[in-house]
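The values are calculated or read from the model by the stated rules, or taken from the named source; none is laboratory data. Just so it is clear, the structure is predicted and the values come from calculations on it, not from any experiment. So basically every Cβ, Gly included, is an ideal-geometry build from the backbone, and we count neighbours across all protein chains shown. Just the protein is used for accessible areas: all its heavy atoms, side chains included, with ligands, DNA and RNA removed. Shrake-Rupley method; radii C 1.70, N 1.55, O 1.52, S 1.80 Å.
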Amino acid sequence: MTTETTETSTPAPETRRFEAEVAQVLHLVTHSLYSHKEIFLRELVSNASDACDKLRFEAIGKPELLAGEGELRIEISHDRDARTLSIRDTGIGMDRDEVIANIGSIASSGTRRFLEALGEERKADARLIGQFGVGFYSAFVVADRVTVLTRRAGTPAEAGVKWESDGRGEYTLEPATLDSHGTTIVLQLKDGEDEFLEDWNLRSLVSKYSDHIAFPIRMPKEAKDGEAPEWETVNGASALWTRPKNEISDDDYRGFYKSLGHDFDDPAAWTHNRVEGSQSFTTLLYLPSQPPFDVLMGGRDERKGLKLYIKRVFVMDAAEELLPNYLRFVRGVVDADDLPLNVSREILQQNRQLERIKGACVKRVLDLIEKLSRDEPEKFAAFLKAFGNTLKEGIVEDPSNRERIAKLLRFASTRGGDAAQTVSLDDYIGRMAAGQDAIWYVTADSHAAAAGSPQLEAFRSKGIEVLLMSDRIDEWMVGHLHEYAGKPLRHVAKGELPLDEAEKKQQEEAAAAAAPLLERLKKLLDGKVGDVRVSARLTDSPACLALAEHEMAPHLARLLREAGQAVPESLPTLEINPAHALLQRISATEDGTQASDLATLLLEQAQLTAGAPLADPAAFVQRVNRLLAS
Ligand code: ADP
Ligand code: MG
């Protein structure tokens, strides 16, 4: 793309090409998005509302910006004969460079993510479009020509810009003289889109999608021929969160949630609170029921969805300032009465009042999730499925709420018999065996690997429940959760098992009896193991790995190495079950090569079940084959 340096004093329109990715999005939008076409109206109204928000905010310091068009509003009108639909706002408007930057090129990484989300099939429903910051282009779903007339507030009438495109790769730009600041978008509707020329239909779409826009949306009353129309407001146009709770219906709350953007589904739950006192503020916070694409796709760089208002004036998207990262799925509004309106992001980050508001938000959200877990188990299960792993980050990130967060988590367990994560730590403690003093867990790569860990055998035979953790984050999370409700959490492969007197005696006798075998194995596995000892953990399997108290689980060490991180090397401790036939065979084998093969295989199978990589897979296969053939 060439960059224009000369002034646009030429009256002829200048033709420019869209950036490649924009052109791709446009192509998709016009060729693949068929369902929920009406979404374009919500997107354009939402942009108009953003523009009004921006002007209201800028005008705090510079009231003269509002000159000419005092009232911030949105107007929707149509012309049946010309087959055009217009959406006008008296917001901030754009200058020429802004038009090029905002709608001619990729304003955000959203465009690329949108393309990725659509994937190979390139088919999607238009509802997706608003989530990616490509809402403007949805105009081309219903229009074959879009004209934008815009002038930035504070610039003279001649500083207007006219942008026009048929959405096929190019657009034109020319100067325009515009009476008022703000933006008008004119859609030349495609054949067959006549429903968007119906007054009743437009009104019902506004009330469906845009009722909670905080600026008045006006439409002309049916005007008599030749008379200028009278405008009437067709949306609720109130800041919902400022109304008393008892006047707000569940539908109002749901509608408002959708007007926040980024999600088309109903929220799972919400909490609306007003705090009065030395510092007054209102919070309206929602839990989504589905993970939005930006969370799924690692969009941690731009967290949207929590808006900060100060005395009803939108100030900024402030999810990062208002909530810790592990609650990044929360959407909603915070309206503070006592912050200075000219607050900057930098100031916000160090603001003590904001710290307090943030603390209140965290408490409200945790209360809300707790309530969901008590009152609506099905919704809660769906919520955990979507956001449980995000919530687990809080165990590490927010030590002051560690216990509260831990209470909300659910795990699979040896009692469950399947992979469903339904057991809470409280459930576990409630049914602990007499004399049991720890919460036992195992971590692995997959549920099957966790459930198949040989270290579980002794626990099974003693009837002790073990939590089975197989999400990637679990190892890291549980490394920071040393205890819950006064009970230590312990990994089944780590440290010593608690044994009663009789068991201890048995264990010592077994170790003494196996002393020659242990010595032999240490020699056979010299350089490959740190220690070999008799296990108290095994009943059926021949061997397993044991971990020191602070040693990293082998599957995690493997993941970290694969991710290029340095992980301290240490030789594994092998625990054996001398009663097992394989160990007895090693004892009985006189042939040195065969004994070495057997001993090495013993170690390798312990490594495999622990999710550790084999040092030399080819040698492993040769060993197995030698033994199979012998
Ligand atoms: P998003 O709204 O998520 O940023 P859009 O594709 O809807 O993405 O809009 C792209 C950008 O175009 C906006 O961020 C804004 O800068 C600009 N824009 C769109 N519509 C308007 C408008 N009515 N007034 C001012 N700027 C607008
Ligand atoms: Mg938008």
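The set of residues from segment 72-88 being within 10 Å of ligand 1 (Cβ to nearest atom) and either open to solvent by less than 10 Å² (accessible area, probe 1.4 Å) or not assigned by TED's automatic domain parsing to the domain that holds A139 (or both) comprises I74, I87. In the set (1) closer than 30 Å to E378 by Cα; (2) of a type in the set (D, E, K, R); (3) outside the structural domain of V29 (by TED's automatic domain parsing); (4) away from ligand 1 (no atom under 16 Å from the Cβ), the condition left unmet by K258 is number (4). The number of residues in segment 398-417 being acidic (D, E) and open to solvent by 80 Å² or more (accessible area, probe 1.4 Å) comes to 1.
Among the residues of segment 54-70, those identified as surrounded by fewer than 21 Cβ atoms within 10 Å (Cβ to Cβ) and within 15 Å of ligand 1 (Cβ to nearest atom) are K54, R56, F57, E58, A59, L65, E69.
Screening A23 with (1) over 29 Å from the mean Cα position of the chain (by Cα); (2) more than 16 Å from ligand 2 (Cβ to nearest atom) gives one miss only, at (1).
Taking every residue in segment 165-190 that is open to solvent by 50 Å² or more (accessible area, probe 1.4 Å) and pairing it with any residue that is hydroxyl-bearing (S, T, Y), at least 6 positions away or on another chain, the pairs with Cβ-Cβ distances below 8 Å are E170/T15; P175/T8; P175/S9; Q188/T84; Q188/T147.
Look at (1) open to solvent by 60 Å² or more (accessible area, probe 1.4 Å); (2) modelled with pLDDT of 85 or more; (3) under 15 Å from the mean Cα position of the chain (by Cα) and you find that R300 fails only one, number (2). Only a single criterion out of (1) at pLDDT below 90; (2) open to solvent by less than 60 Å² (accessible area, probe 1.4 Å) is not satisfied by V532, namely (1). A single entry from D591, D540, D597 fulfils the requirement of being open to solvent by 30 Å² or more (accessible area, probe 1.4 Å) and either without any contact (Cβ under 8 Å) to a residue 60 or more places away in the chain or farther than 24 Å from A449 by Cβ (or both): D591. Is it the case that some residue within segment 39-51 is of a type in the set (A, V, I, L, M, F, W, C), without any contact (Cβ under 8 Å) to a residue 24 or more places away in the chain and under 19 Å from L178 (Cβ atoms)? For segment 39-51, residues of a type in the set (A, V, I, L, M, F, W, C), without any contact (Cβ under 8 Å) to a residue 24 or more places away in the chain and under 19 Å from L178 (Cβ atoms): absent.
Looking across segment 444-499, just one residue is out of contact with any helix residue (DSSP H, G or I) (no Cβ under 6 Å at 6 or more places or on another chain), of a type in the set (V, I, T) and open to solvent by 20 Å² or more (accessible area, probe 1.4 Å), and that is I464. Consider T15 carefully, then state whether it is more than 15 Å from ligand 1 (Cβ to nearest atom), modelled with pLDDT of 90 or more, open to solvent by 50 Å² or more (accessible area, probe 1.4 Å) and hydroxyl-bearing (S, T, Y). In short, yes. Can you tell me how many residues in segment 547-594 are of a type in the set (G, A, S), in a helix (DSSP H, G or I) and in contact with a helix residue (DSSP H, G or I) (Cβ under 6 Å, 6 or more places away or on another chain)? Matching residues across segment 547-594 total 1.
Going through segment 461-501 one residue at a time, which ones are closer than 15 Å to A412 by Cβ and basic (K, R)? Correct list: R472 only.
When we screen A214, A228 for residues that are over 19 Å from V45 (Cβ atoms) and assigned by TED's automatic domain parsing to the domain that holds D53, the only hit is A228. Without any contact (Cβ under 8 Å) to a residue 60 or more places away in the chain, surrounded by fewer than 18 Cβ atoms within 10 Å (Cβ to Cβ) and more than 42 Å from the chain's Cα centre (by Cα), is that true of E519? Yes, satisfied.
Quick check on segment 213-224. Is at least one of its residues away from ligand 1 (no atom under 16 Å from the Cβ), closer than 27 Å to V333 by Cβ and not in a loop (DSSP other than H, G, I, E, B)? Yes, segment 213-224 contains a residue that is away from ligand 1 (no atom under 16 Å from the Cβ), closer than 27 Å to V333 by Cβ and not in a loop (DSSP other than H, G, I, E, B). Scanning segment 138-163 for residues that are part of a strand (DSSP E or B), among the polar types (S, T, N, Q) and surrounded by fewer than 24 Cβ atoms within 10 Å (Cβ to Cβ) turns up just one, T147. Of all the residues in segment 90-120, those that are open to solvent by 10 Å² or more (accessible area, probe 1.4 Å), at pLDDT 65 or above and either in contact with a Ser or Thr (Cβ under 7 Å, 6 or more places away or on another chain) or not aliphatic (A, V, I, L, M) (or both) number 8. Looking at segment 30-53, which of the residues that are of a type in the set (S, T, Y) and within 13 Å of ligand 2 (Cβ to nearest atom) is surrounded by the fewest Cβ atoms within 10 Å (Cβ to Cβ)? The extreme case among them is S46. All conditions in (1) at positive phi; (2) not in a loop (DSSP other than H, G, I, E, B) hold for G417, with the sole exception of (2).
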